[in-house]
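Colleague: Input: one structure, supplied below.
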Amino acid sequence: MAETGAQNQTQKQSQIQTETKQYSTKELLGRFVPYFKKYRGTLVLDLFCAAMTTVCELVLPLIMRYITNEGIRDLASLSVKTVGGLGLLYFGLRIVDCLASYYMADMGHVMGARIETDMRRDAYGHLQRLSNTYYNNTKVGQIMGRITNDLFDVTEFAHHCPEEFFIAGIKAVIAFAVLAGISLSLTLIIFLCVPLMLVVCMLLNFRMRAAFRKQRNQIGELNARIEDSLLGHKVVKAFTNEDIETRKFEKDNGTFLDIKKLTYRYMAAFNTTVKLFDGLMYLLVLVAGGIFMIKGLVEPGDLVAYMLYVTTLIATIRRIIEFAEQFQRGLTGIERFLQIMDADIEIFDEPDAVELGHTEGNIVFENVSFEYPDDHNKVFANLNLSIHSGEKVAIVGPSGGGKTTLCNLIPRFYDVSAGRITLDGEDIKHFTLKSLRGSIGIVQQDVYLFSGTIYENIVYGRPGASREEVQEAARRAAELRGRGMVLMDAYVDPKTLESGAVLLLLKSRFIKDRGSETLFPLLGCLRDSVVHVPMQAILSEADQRRMAAMKLGDTWRNRDPVRMRPDVLKMADGTVWFPIFSQIEQAPADYRRRFSVVSVEAMQALRMAHAAGGLSGLVLDPFTDPVSLPFQTADIMAEMPSSLSPEGEPGGT
């Protein structure tokens, strides 16, 4: 046990270290570059196009140098043909530049988006393999931030990072080579400030990256705070703690603002530093270049070329500066992605694991001890338990006694700290996780419904099941629960209840068969539906007199509140019924002209009917095939749990 406790402590420390681990830029890029392998053809062509976009900017200074020098030496030697030829050359290069830029903007971004998709797929796949311990110690908001927001910037990073640095490298090397050919001394003087600028910018970049790391972490905390508050909104309202939740949110939101302010401070220092070095380079060209020209070491056209090349270099540096924020965001996103990928997989298939075939179902706990890896809470020690095939065993005990934990050990949601669990004499670790868990039926303590229809939630337990099998499963569940849940052949979606389509289907069944087996599904469906109720607007006597005195063209505005009274149907036998419609279209047009048909929840319609008094009951779609529901059965609807909720929420009037 001591050895196992030490292992668990190591696992806990390892997870904390993984969550907070910081990677060097070299390590981040080393782990990121392999994602380019699938798209190396696109990357090579993208970089080739990037090289083509530099041609215009590198050739233009040479053209201007030639025209300037020739014009100063012998203006007559310059002809329209020569200038026109140089113009056509530059125009052709500009066309190539446009085509290359189009490819970069299109396919370059698509390549980045595909890499982002690949990384998100890998992160999601790794998350599926992590144990419950990881999710117990990691906030869902943080996980969501890592696989969504943090990877958004990877698209721009994967596209622009190779391009921008490749273009900057080409321009710097070629510009240095051309200018060194003109005057090596002047070139060295101008380029002397570049290394100093790079050192200062790198120091500021490191601080920016640390700030971005804090920013991403805080946005994860903010997401987690919002998620907790929204998911627990019923508890918040029950204890009237809205003010407390607001203060918590304001605190996290203010912390995020402070981190962003620090980030912008570093960005401002970075941009100011680069602008300072920009001015320094221009100053060197102006002063040193002017002195070299006065002494005859360079020609006027050479000075023009120097100025244009320096302008090109500065524009490139500024482009990299603009990209610096995106670069740091991308690195931070990659870092947080790697923190997921480096999280240890604690529950996995053993090398000799086999598929679980037919089994008798004899389960034995042999000297099993267990403690949670995160807090080392010892749940039980040296537990011995035998459950024979076909036995029904009830585990009873106080809250926190380990009942759920005991069950979670069988499908290996956690691994035992000591001892072993056997299935028909074989250690459960000898079976693959998929086959072991697929052979166990589990009713979770906290029921969760995925978004979608009830049909989709039922078929989730066995993907590929036929529609008939899903219907049969729903019918069996309804029988076990003692109430109807089979609505519209198990294809019930809350949106279809609002449209009235489900209610119409069940009404047609009820007309054919008025037995209790049909009545209760109808009531269950009616309880959750949105129905349409005819209402009459009752004006005060003063407003009625004002309306009677109105003239053509007058604008009507009521002064007293308008009271809405539900319409009722009086039958020939003297009974009075409250009409409701599954769809507005079920009411005739002349009827709709006389009354306002209002959409309300079915439970609200029931309260209106009770308030009216003296009614015999409800009548559904009275102008088509009416379905009458006496109040002694309609009242059941108020007490029925929701047919859309597995546990149900008690209704009531």
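The values are calculated or read from the model by the stated rules, or taken from the named source; none is laboratory data. Not measured: the values here are computed from a predicted model. Because the Cβ atoms are built from the backbone with ideal geometry, glycine has one as well, and the counts that use them run over all protein chains shown. Surface areas here come from the heavy atoms of the whole protein model, side chains and all, with no ligands, DNA or RNA. Shrake-Rupley method; radii C 1.70, N 1.55, O 1.52, S 1.80 Å.
Colleague: Find how many whole Å separate the alpha carbon centroid of segment 112-157 from the alpha carbon centroid of segment 52-99.
Modeller: Rounded to whole Å, the Cα centres lie 51 Å apart.
Colleague: So for each of 44-53, 144-153, 273-282 I average, over its residues, the number of other beta carbons within 10 Å; can you give me the resulting order with the highest mean first?
Modeller: So the peptides 44-53, 144-153, 273-282, ranked by packing, come out 144-153, 44-53, 273-282.
Colleague: With every protein chain kept in the model, how would you rank 556, 577 by accessible area, 1.4 Å probe, largest at the top?
Modeller: Listed by decreasing accessible area, they come as 556, 577.
Colleague: Given contacts defined as C-alpha pairs under 8 Å and at least six residues apart, what's the relative contact order of segment 533-598, whole-number percent?
Modeller: Normalised by residue count, the contact order of segment 533-598 is 46 percent.
Colleague: Given a Förster distance of 45 angstrom, what is the FRET efficiency for residue 389 paired with residue 126, based on the Cβ-Cβ distance and rounded to 0.05?
Modeller: Calculated transfer efficiency: 0.75.
Colleague: Under the rule of at least 5 residues apart or a separate chain, name every residue whose amide H is placed under 5 Å from the amide H of residue 596.
Modeller: Amide H to amide H, under 5 Å and 5 or more residues apart or across chains, residue 596 pairs with 535, 537.
Colleague: Measure off, as a whole percent, the carbon and sulfur share of the 1.4 Å-probe accessible area of segment 251-302, all protein chains present.
Modeller: The nonpolar share, carbon plus sulfur, comes to 69 percent.
Colleague: Shape call for segment 144-231 from the C-alpha gyration tensor, a ≥ b ≥ c root eigenvalues: rounded (a/c under 1.5), prolate (a/b greater than b/c) or oblate?
Modeller: Judged from the Cα gyration tensor, segment 144-231 comes out oblate (a/c at least 1.5, b/c at or above a/b).
Colleague: Further question on the same structure: Given Cα pairs under 8 Å that are at least 6 residues apart, what percent is the relative contact order of segment 117-225? Don't jump to the answer; show the numbers that get you there.
Modeller: Details: 34 pairs, mean separation 59.1, N = 109.
The value is 54 percent.
Colleague: For 507, 392, 403, write out the residues from largest to smallest accessible area, computed with a 1.4 angstrom probe and no ligands counted.
Modeller: Descending accessible area places them as 392, 403, 507.
Colleague: Additional query: So what is the relative contact order for segment 32-109, in percent, with contacts set as C-alpha pairs under 8 Å and at least six apart?
Modeller: Taking the mean separation of contacting Cα pairs over the length of segment 32-109, I get 52 percent.
Colleague: When a/c is below 1.5 the answer is rounded, else prolate if a/b is larger than b/c, else oblate, so apply that to segment 317-467 with a ≥ b ≥ c taken from the square roots of the Cα gyration tensor eigenvalues. Spell out each step's value before the answer.
Modeller: Numbers: a/c = 2.29, a/b = 1.74, b/c = 1.31.
Prolate, since a/c reaches 1.5 and a/b exceeds b/c.
Colleague: Going down the list 403/434; 37/434; 139/434; 139/261; 392/434; 214/248, which pairs span over 28 Å between their C-alpha atoms?
Modeller: Violating the 28 Å Cα-Cα cut-off are 37/434.
Colleague: Give me the extension gain from residue 456 to residue 235: residue separation times 0.36 nm, minus the current Cα-Cα distance, reported in nm with one decimal.
Modeller: My answer for the length gained is 76.7 nm.
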